[in-house]
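J.: Provided herewith is a single structure, encoded as structure tokens, for subsequent inquiry.
Values quoted throughout were computed directly from the atomic coordinates according to the rules given, and no laboratory measurement underlies them. What you see is a predicted model; the values in this text were computed from it and never measured. Don't worry about glycine lacking a Cβ; one is built from the backbone with ideal geometry, like all the others, and counts go over all protein chains shown.
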Amino acid sequence: MSQVRSSAHVVDDRVFRLVLEMEMSKALRLQYMYSVLTIVREPARGPSTANGGSDADSIAAVVSRVTQASDLIGLVPNAPAVRILLVDTHLDDVSGVIERVRAEFSPEVTLSFGASCFPSTGSTTAELLRRADLEAGLVSGG
């Protein structure tokens, strides 16, 4: 008998992008929406990495506690950041996810969030990732 999984899978960036491409194809065919949420942890000031750690793996460990089994967490390479694929979630509903994530980190931890939604804010994987990353401050505009 298999064990029920109550939180999201964590994958590397390459797998996350492949799944996002497949999700887009399926969403086009079945006419549903999904969102991408980018979470960036600001570098810790001082010697402590209070609740949440400073690298993508430790952020994903915390975030996975408040995500659903249908969600997918992607580790952002070379950054203290993760991306989450939120299936069947409109941009208006992402704020609830942000609140749950924020509650898991100590108040001293500075997090930045950015979100995009298919099809309302982007129609390609690159557009969705760029928009969410830009809003979270992971990439600069231009």
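J.: Note the full-extension length gain between residue 14 and residue 140 as 0.36 nm times their separation in residues minus their Cα-Cα distance, in nm to one decimal.
T.: Values: separation 126, 0.36 × 126 = 45.36 nm, distance 2.13 nm.
Taking 0.36 nm per residue and subtracting the Cα distance, the gain is 43.2 nm.
J.: Modelling each spin label as a point 7 Å along the Cα-to-Cβ direction, I'd like the residue 78/residue 33 distance in nm, to one decimal.
T.: In this crude spin-label approximation the distance works out to 3.4 nm.
J.: Next up: Enumerate the residues in segment 73-113 having an amide nitrogen under 15 Å from the point lying 7 Å beyond the Cα of residue 58 toward its Cβ.
T.: 79-82, 105-111
J.: Per DSSP H run of at least 4 residues, take -39500 (n - 2.57); add these up for the chain, divide by its residues and hand me the 222 nm value, nearest 500 deg cm²/dmol. Show your work: numbers first, answer last.
T.: Working: 4 runs with 49 residues, N = 142.
It comes out at -11000 deg cm²/dmol, rounded to the nearest 500.
J.: Could you work out how far apart the two model spin labels at residue 68 and residue 106 are, taking each label as a point 7 Å from the Cα in the direction of the beta carbon, and quote it in nm?
T.: Placing both labels 7 Å beyond Cα along the Cβ direction yields 3.2 nm.
J.: Sort 59, 98 so the one with the fewest other Cβ atoms within 10 Å of its own Cβ comes first.
T.: Numbers: 59 28, 98 14.
So the ranking, lowest neighbour count to highest, is 98, 59.
J.: Binning at 5 Å from 0, report for segment 9-136 what percent of all alpha-carbon pair distances ends up in each bin.
T.: Per 5 Å bin, starting at zero, the Cα-Cα P(r) for segment 9-136 comes out as 2, 12, 23, 25, 19, 11, 5, 2, 1, 0 percent.
J.: In degrees, nearest 10, range 0 to 90: what is the angle between the Cα axis of helix 94-104 and the longest Cα principal axis of the chain?
T.: 30 degrees
J.: Going by how many other Cβ atoms sit within 10 Å of their own, how do 10, 66 line up, fewest first?
T.: On the way: 10 21, 66 16.
Placing the least packed residue first, the sequence is 66, 10.
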